[in-house]
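A short worksheet on the structure shown next.
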Amino acid sequence: MYTAKLFKDNKRLEETNCIICHSSNYILLHDFQPFKILRCIDCNTAYLSPRLEEAEIMKIYQSDEYFKCYSENISDSYDLQKESLRLTFKQFIKILMKKKLITGGRLLEIGCAYGNFLAEVRPLFNYTAGIDFSDEAVEKAKDYADVIIKGGIEQLDLFDKDFDTIISTNVIEHVYNPHEFVSKACSKLSYNGTLILITPKFDGIWYHLLKSKWHSFKIPEHICFYNKSSMKKLFSDNGFNNIQIFSASHAFPLSVILSKFKINISNNIVNSLNIWLPDVMIIGIGMKSNKTRI
């Protein structure tokens, strides 16, 4: 819950049904007043309700302060995680290459932040592009892509050509309407193009160990928590073919891991020591077909 202080005085909340299947049937998992984590009885998706109104949280995403509050009580920690993010993205790319999902051609990253993934993947594609809400992120990412555009999925129409691969890492858990997000992304995919969504893995070993202290309960900006079944449903409901869902590890600086347990130590040693945690992320992949919703 690392940016809770940014929303401390905000009372603009809304109730919601499951954002994957829209069912109103749920059980309570965790109570973080005024926010609650619910689990949909019908599709097993965990989600936040009540949640901030989307317009309110968008103000934060569009602010450069968002990246400076990436981890509670550790300033500038997105920059601090640059090395660990690069290591993690290299691993993601190796996994995708082994599965023959790095096809060259044109790639778009939605939510590119400072461009760390684009920097690693750029040599493997003929053309790379990114999109992000933050002015600072857009400026920094320009060094690692052919084109960077400020905005969200509503700006995708600015690209005049389709993409062979669209990837979004650590974004879908923030998205208020994931079906609209996936459909819009698909509209810019070439036929047989690939959509890749990477997000923290709910219902994995770390959630079962930590329960309410699970590291990705970053409230109120994370509003949906994906397991393999909910990720698969998101792709299948939107008509994707050849769906693959699998887990992956993630590297973190030791200082960031310690901060999750309220141990705030930040020096050159703990900042530079990267720890690999297994089974942290879930990777969802789908191929566009003539049945895919647009």
Please state which of the following conditions P178 fails to meet, knowing it meets all the rest: (1) more than 15 Å from the chain's Cα centre (by Cα); (2) surrounded by 21 or more Cβ atoms within 10 Å (Cβ to Cβ). (1)
Just to verify a result, which residue in region 18-35, among those that are touching a Ser or Thr at 6+ places or on another chain (Cβ under 9 Å) and part of a strand (DSSP E or B), is surrounded by the fewest Cβ atoms within 10 Å (Cβ to Cβ)? D31
Looking at (1) free of Cβ contacts under 8 Å to residues at least 24 places away in the same chain; (2) crowded, with 22+ Cβ neighbours inside 10 Å, which is the only condition V270 fails? (2)
I'd like to verify a number: residues in region 134-149 that are surrounded by fewer than 20 Cβ atoms within 10 Å (Cβ to Cβ), touching a residue at least 12 places away in the same chain (Cβ under 8 Å) and out of contact with any strand residue (DSSP E or B) (no Cβ under 7 Å at 6 or more places or on another chain), how many? 3
With S247, S236 as the choices, which residue is free of Cβ contacts under 8 Å to residues at least 60 places away in the same chain and not in a helix (DSSP H, G or I)? S247
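In region 36-64, which residues are assigned to a loop (DSSP other than H, G, I, E, B) and over 14 Å from I223 (Cα atoms)?
The answer is I41, D42, C43, N44, Q62, S63, D64.
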What are the residues in region 150-178 that are under 21 Å from R122 (Cα atoms) and in contact (Cβ under 8 Å) with a residue 60 or more places away in the chain, if any? D164, T165, I167, T169, V171
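For residues that are of a type in the set (S, T, N, Q) and part of a helix (DSSP H, G or I), scanning just region 87-107, find the one that is farthest from N242 (Cα to Cα).
Restricting to residues being of a type in the set (S, T, N, Q) and part of a helix (DSSP H, G or I), the top hit is T88.
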For region 245-259, what are the residues that are buried (at least 16 other Cβ atoms within 10 Å of the Cβ) and in contact with a Phe, Trp or Tyr (Cβ under 9 Å, 6 or more places away or on another chain)? I245, A248, H250, A251, F252, V256, S259
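Where a number appears in this text, it was derived from the coordinates with a stated rule and is not lab data. Just so you know, these numbers come straight off a predicted model, no measurement behind them. Every residue, glycine among them, receives a Cβ derived from its backbone with ideal geometry; neighbour counts consider all protein chains shown.
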